[in-house]
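Right, one structure below, let's go through it.
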Amino acid sequence: MAQRLKTDWILFLTVLTLVCFGLVMVYSSSSIVAELKYHVSSTHFFLRQLGWAIFSFLVLLYCMKRDYRGWNNPKIAFAALGIVLLLLLAVYVTDSGSHRWLRAGPFSLQPSELAKPALALFLAFFLCRRMGAVNEKYTLGPIAISISIMALAVAVADLGTAVVLVATTVAVIFVAGVDYRYLAICAVLGSILGFGFIVMKPYRLARFIDFVDKNHTILTKIDPDGHILEYAHKTASTSDPGYQQLQSKIAVGSGGFLGVGLMQSKQKMLFLPEAHTDFIYAIVGEETGFFGAALLVFAFLIILWRGLRTSLRAADSFGRYLALSVTVCVIVQALINISVVLDLLPNKGIPLPFISNGGSSLLSTLLLMGMLLSVSENTP
């Protein structure tokens, strides 16, 4: 008898609601910016995001109706990593300025976003084959090499996404039973490399300094001549690296409990940079208030709940690790973005899943959700 497939409607409708809400917020937060800053129609960013949403949702439905066990294949797992690395190399060569975008006319793609589903597939494939031997060098070595190459390639231009990739890997191998001493080594090496990438870009260093030592009290003692500060502000777009987070806190604070109303934000009128992308959660807080911002967090908690439930109920280890990788990846990204907006973490330039404007981010997120729903559909 054929296995009866059962859709996780709670997860599916939560994802659909988040995408629709994201479209509303993209229009609200970008309409004025589109006209005043980019001199295009007020619906420019909304229509582009709508197009990406339709395409990405079709990808979700396709993945959702596929049997995830067909992805438990070395050709698929390694091909996914290889394609992403080739795209990252191509973008490094073709986009000499930011090293982020592959462009072809009006179409653009950010390959670093595709690293997330590729990593989720690879982790699930590799760990299910090394169950019971996760602490052996033949397990940890390939994982460490793969994630290091991927993260280093991404971190050149997109440190925030690299942090998400590393955090996802650490969480998944922790659940798989890796020894604590290896996690400690990973934490030390990750911190050193992370700080190196922060120092590599002056604007990153400026943001970091502003977050940990806003008044430069400690920095003045370490570097009384101000050479570090001079380097950090070399490419800063404003004299205050914390300007975005200051404006985002003003937006969230002015929203009160119920908000000022949809489309009524004042901070989106060029006061808050990147209001429709990385800092869109601040506009959510301003227009829908604490109530709306809390509901959005609750929606991510539903995804966490259904994702972990799917992982625990999965029919095999591949499905278990795939569901776990996908869930951790999306939730960690959301947690980092919201923490940055609320000034709990230094600015990393990372979008809010489902909500922020950006086709590559939406495609990556819905591809991940399609993979998670596939595991759920094919679990008896």
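Rule-based calculations on the coordinates, nothing more; no lab input. From a predicted model like this one, the values you see are computed outputs, not experimental measurements. Every residue, glycine among them, receives a Cβ derived from its backbone with ideal geometry; neighbour counts consider all protein chains shown.
Quick notes
- Each Lys or Arg adds one and each Asp or Glu takes one away; over the other residues whose Cβ falls under 10 Å from the Cβ of Ile280, this sums to -1.
- Distance violations [Cα-Cα > 25 Å] among Lys116/Lys348; Lys201/Lys268; Lys234/Lys266; Lys65/Lys116; Lys65/Lys348; Lys201/Lys266: Lys201/Lys268; Lys234/Lys266; Lys65/Lys348; Lys201/Lys266
- Sorting the segments 349-359, 191-201 by their residues' average number of neighbouring beta-carbon atoms within 10 angstrom, most packed first, yields 349-359, 191-201.
- Taken about its Cα centre, the chain carries a charge dipole of about 960 debye when Lys and Arg each add +1 at the Cβ and Asp and Glu each add -1 at the Cβ.
- Sequence-distant residues sharing a close amide H with Lys268 (under 5 Å, placed H): none
- Rounded, prolate or oblate (a/c below 1.5 giving rounded, otherwise prolate when a/b exceeds b/c) for region 91-182 by Cα gyration tensor: prolate
- Overall form of region 152-264 per C-alpha gyration tensor (a/c, 1.5; a/b vs b/c): oblate
- Descending by average beta-carbon neighbour count within 10 Å, the peptides 279-291, 255-267 line up as 279-291, 255-267, the highest first.
- DSSP-loop chymotrypsin sites (Phe, Trp or Tyr not before Pro) across region 1-94, with at most 15 other Cβ within 10 angstrom: Tyr38
- Kyte-Doolittle at least 0.0, axis length at least 24 Å by Cα - qualifying DSSP helices, the chain: 9-36, 44-64, 74-94, 111-129, 137-155, 159-176, 180-200, 280-313, 317-341, 359-377
- Our summary gives region 138-283 a relative contact order of 14 percent, counting only alpha carbon pairs under 8 angstrom and 6 or more residues apart.
- Cα gyration tensor category, rounded, prolate or oblate, for the chain with a/c compared to 1.5: oblate
- Dipole axis of region 216-349 (+1 Lys, Arg; -1 Asp, Glu on Cβ), positive-most option in Ile218, Gly307, Ala275: Gly307
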